[in-house]
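Structure, as structure tokens:
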Amino acid sequence: MTKSKKLAFRPDEYVVYPAHGVGQIISVEEQEVAGFALELFVITFEKDKMTLRVPTNKAIEVGMRSLSSPDVINQAMKTLKGKAKVKRAMWSRRAQEYEQKINSGDLIAIAEVVRDLHRTDDQREQSYSERQLYEAALERLTREVAAVGGGDELDAQKQIGDVLMSRAAAA
């Protein structure tokens, strides 16, 4: 059994792990688990003060991906400008769908959640669970926009906020 040494990701590279957002691979290490030698990506999520170990052979399977391209970021910004699409389903069903979109790691789906849950000052107050989902989606979007742009999160947050405000002004 030969092991190919071609890895999809490299140390110091930023990646997106679906359930946690943007993290940085700090190393590739070998660990023995149940008598098997496993090669693992060690990914750190600075903001959450968390370290994750993902088997290198399962990384793609679990949905780990490279950062989005600038084109995908632009597409996400276009999505934010769109009109909110709020289904008439019960909140629990919609909340479940939003949660799935956030944890999918798909930047466009995350942008849809931000767009659909964004409220301007003159709109009705968000419920606690609505606000939690909105903030989770906004944080994921902000971190990836910042990582792709090489800037900091405050700039990315302002950029996203400007897009959301321009949408509100146009409505």
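Binning at 10 Å from 0, report for the range 124-171 what percent of all alpha-carbon pair distances ends up in each bin. Once binned at 10 Å, the Cα pair distances of the range 124-171 give 26, 43, 28, 2. Once the cut-off is 24 Å, how many percent of the Cα-Cα pairs in the range 23-142 end up in the long-distance tail? Counting every Cα pair in the range 23-142, those more than 24 Å apart make up 41 percent.
Were the residues from Tyr14 through Ile60 laid out at 0.36 nm apart, the gain over their Cα-Cα distance would be 15.1 nm. Once you divide the Cα radius of gyration of the range 78-125 by 2.2 N^0.38 Å, the number left is 1.15. 3J(HN,Hα) along the range 17-25: 9, x, 7, 10, x, 7, x, 10, 6 Hz, from the Karplus curve 6.51 cos²θ - 1.76 cosθ + 1.60 with θ = phi - 60°, whole Hz, x for Gly and Pro.
The packing ranking of peptides 40-47, 66-73, highest mean first, is 40-47, 66-73, where packing means the average number of other beta carbon atoms within 10 angstrom of each residue. Taking a span of 27 Å or more along the helix axis (Cα atoms) and a mean Kyte-Doolittle hydropathy of at least -0.5 as the rule, the DSSP H helices of the chain that qualify are 128-149.
Using the Cβ-Cβ distance between Glu29 and Glu125 with R0 set to 45 Å, the FRET efficiency works out to roughly 0.40. Estimated from the Cβ-Cβ distance and a Förster radius of 22 angstrom, the FRET efficiency linking Ser104 and Phe45 is about 0.80.
Over the range 81-171, the Kirkwood radius and the radius of gyration, each from Cα atoms, give a ratio Rg/Rh of 0.96. Over 27 Å apart at the Cα level, from the set Lys47/Lys158; Lys58/Lys101; Lys47/Lys87; Lys58/Lys85, are Lys47/Lys87; Lys58/Lys85. Note on the range 1-77: Rg/Rh from C-alpha atoms, Kirkwood Rh, equals 1.02.
A short reminder: the numbers here are calculations on the coordinates, not readings from a lab. Keep in mind that what you see is a predicted model, and the values were worked out from it rather than measured. Cβ coordinates were reconstructed from backbone atoms using ideal geometry, including for glycine residues, and neighbour counts include every protein chain displayed.
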